[in-house]
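Structure, as structure tokens:
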Amino acid sequence: MKLSNVLKVAGAASALIFSSLSWAASVNTGANDVAIHGYDPVAYFTKNKPVEGSAKYTATHDGAIYRFASEKNRDLFKADADRYAPQYGGFCAMGVALNKKLNVDPAAFYIEDNKLYLNLNKNVQKKWLQDVPGNLKTADRIWNGIEDLSVETVNAED
């Protein structure tokens, strides 16, 4: 193989790796790129509670794999993923307001204006709920600056 072809292949591989890393930075995923710890994002809206999804029903959005409890929920998500996907890439909403990218407890959720917000845990959620409008304003502003940064970069101590 010619050196120029090797360099082209290496460049393409590097681009693929870096593009997948940028997705990983903007969406909170666990093992195998699964979002929300495998919980069904549509069920938060239709059942008003966290429901575990199944590997049988999946859809990909922004580089993350979402699982669903039913084919119907998967199809609803596919028709309007931005409506159902959690805000701030599924990172803790209060954490984002504090300039951090923190994991979440799928049971610590809140829906405001038809948008799903997740929190680190129920105690952090209580803090979030003390000033939802103020926390949303802060988190929205901060998210624009940290969305594409890695978790390690964002959470590094100053």
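Remarks
- The distance between label points at Asp80 and Gln130 comes to 3.4 nm (points 7 Å beyond Cα on the Cα→Cβ vector).
- All Cα-Cα separations within segment 111-156 were binned at 10 Å from zero, giving a P(r) of 22, 50, 27, 1, each value a whole percent of the pairs.
- Of all aspartates and glutamates in the structure, those lying under 17 Å Cα to Cα from Lys56, and not within fewer than 8 positions of it along the same chain, are Asp33, Asp40, Glu71, Asp75.
- Modelled label positions at Lys122 and Lys56, each set 7 Å beyond Cα in the direction of Cβ, lie 3.1 nm from each other.
- D (Stokes-Einstein, µm²/s), Kirkwood Cα radius, segment 35-82, 0.890 mPa s at 25 °C: 241
- Here is the P(r) of segment 86-147: all C-alpha pair distances, binned every 5 Å from 0, give 4, 23, 36, 27, 9, 0 in whole percents.
- The spread of Cα positions in segment 40-146, taken along each principal axis and listed from longest to shortest, comes to 36, 25, 22 Å.
The numbers here are math on the coordinates, done by the rules we state, and not lab data. All values derive from a computational prediction rather than experimental measurement. Using ideal geometry, Cβ is built from the backbone for each residue, glycine included, and neighbour counts are taken over all protein chains shown.
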